[in-house]
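The values are calculated or read from the model by the stated rules, or taken from the named source; none is laboratory data. Please read all numbers here as calculations on a predicted model, not as lab measurements. Note: ideal-geometry Cβ built from the backbone for every residue, glycine included; neighbour counts use all protein chains shown. To get the accessible areas, we keep the full protein, side chains included, count just its heavy atoms, and leave off ligands, DNA and RNA. Shrake-Rupley method; radii C 1.70, N 1.55, O 1.52, S 1.80 Å.
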Amino acid sequence: MNRKIYFAGSIRGGRADSEIYSRMIAYLSAYGEVLTEHVGSQALTAAGEDVVTDEYIFQRDIHWIRKADVVVAEVSTPSIGVGYEIATAEKMHKPVLCLYREKDGRKLSAMIAGNAVLHIAQYATFEEATEEIDRFFRSLDG
Ligand code: 6K6
């Protein structure tokens with residue numbers, strides 16, 4: 001299986017869900033190579049020490065989106081970077097799954113929720129998220 005998966009999750013938008021990202025990345029690994037394992041790293045904080053420049057990160061991540069077969073984004077923590085990555089993947093005609101868990105009554109941005117091209121899946125438990133991931137990959141294969 002040679003599928004390449006770009007996983008997107010908030011970094012500077014806030015790291016409250018980093019453990020969920022890490023569990024999702026582990027689950028997604030059964031479906032292909034996850035190019036962005038660092039997004040789930042508990043060591044990576046929103047402030048973080050930048051060992052590389054922002055320009056390097058931007059160029060590398062755009063290159064990885066281009067290489068990816070699919071993009072899976074966890075969108076519960078609002079992140080400008082994740083929104084930009086979703087739009088970039090859409091323009092490159094990549095299938096995009098957006099996983100969303102409602103927190104504090106906040107609703108997902110209409111710019112994501114209202115886009116019929118994206119696969120939007122709401123979940124409450126991690127098991128529900130994995131079911132949505134399974135459904136997404138089945139819909140691509142079928
Ligand atoms: C150091 C300190 C904080 O962050 C770093 C290193 N930064 C990044 N490394 C890798 N990917 C990044 C970094 N910053 C943003 N991204 C990409 O944007 C990731 O692929 C995430 O999906 C997304 C997060 O965007 P923000 O706006 O929440 O940072």
Name the pairs whose Cβ atoms lie under 6 Å apart, with the first residue in the stretch 61-82 and within 14 Å of Ala16 (Cβ to Cβ), the second open to solvent by 30 Å² or more (accessible area, probe 1.4 Å), and 6 or more positions between them or separate chains? Ser76/Arg101; Ser76/Lys103; Thr77/Gly13; Thr77/Ala16; Pro78/Gly13; Ser79/Gly13
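What helices (runs of 4 or more DSSP H), lying completely within the stretch 1-115, carry at least 2 residues that are within 16 Å of the chain's Cα centre (by Cα) and farther than 18 Å from Ile133 by Cα? Please lay out each step first, then the result.
On the way: elements: 18-28, 54-67, 80-91, 110-113.
Result: 54-67, 80-91.
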Output the number of the condition that Glu132 fails; it satisfies all remaining conditions of (1) modelled with pLDDT under 95; (2) among the charged types (D, E, K, R); (3) under 24 Å from Gly32 (Cβ atoms). (1)
Can you tell me which residue among Tyr56, Tyr31, Tyr27 is touching a Phe, Trp or Tyr at 6+ places or on another chain (Cβ under 7 Å), open to solvent by 40 Å² or more (accessible area, probe 1.4 Å) and more than 8 Å from the ligand (Cβ to nearest atom)? Tyr31
Among the residues of the stretch 97-122 satisfying the criterion of being among the small types (Gly, Ala, Ser) and at negative phi, which is least open to solvent (accessible area, probe 1.4 Å)? Ala121
Where residues in the stretch 1-24 are within 10 Å of the ligand (Cβ to nearest atom) and of a type in the set (A, V, I, L, M), which of them is nearest to Asp141 (Cα to Cα)? Ala8
Among the residues of the stretch 1-24 satisfying the criterion of being among the aliphatic types (A, V, I, L, M) and touching a Ser or Thr at 6+ places or on another chain (Cβ under 9 Å), which is surrounded by the most Cβ atoms within 10 Å (Cβ to Cβ)? Ala8
With the structure loaded, tell me whether Lys94 is in contact (Cβ under 8 Å) with a residue 12 or more places away in the chain, among the charged types (D, E, K, R) and surrounded by 15 or more Cβ atoms within 10 Å (Cβ to Cβ) or whether it fails that test. yes
Kindly indicate the residue of the stretch 59-73 that is touching a strand residue (DSSP E or B) at 6+ places or on another chain (Cβ under 7 Å) and of a type outside the set (A, V, I, L, M, F, W, C) and also least open to solvent (accessible area, probe 1.4 Å) among those meeting that condition. Asp69
Do you know which of the residues in the stretch 34-53 that are under 23 Å from Ser139 (Cβ atoms) and of a type in the set (A, V, I, L, M) is farthest from the ligand (Cβ to nearest atom)? Val34
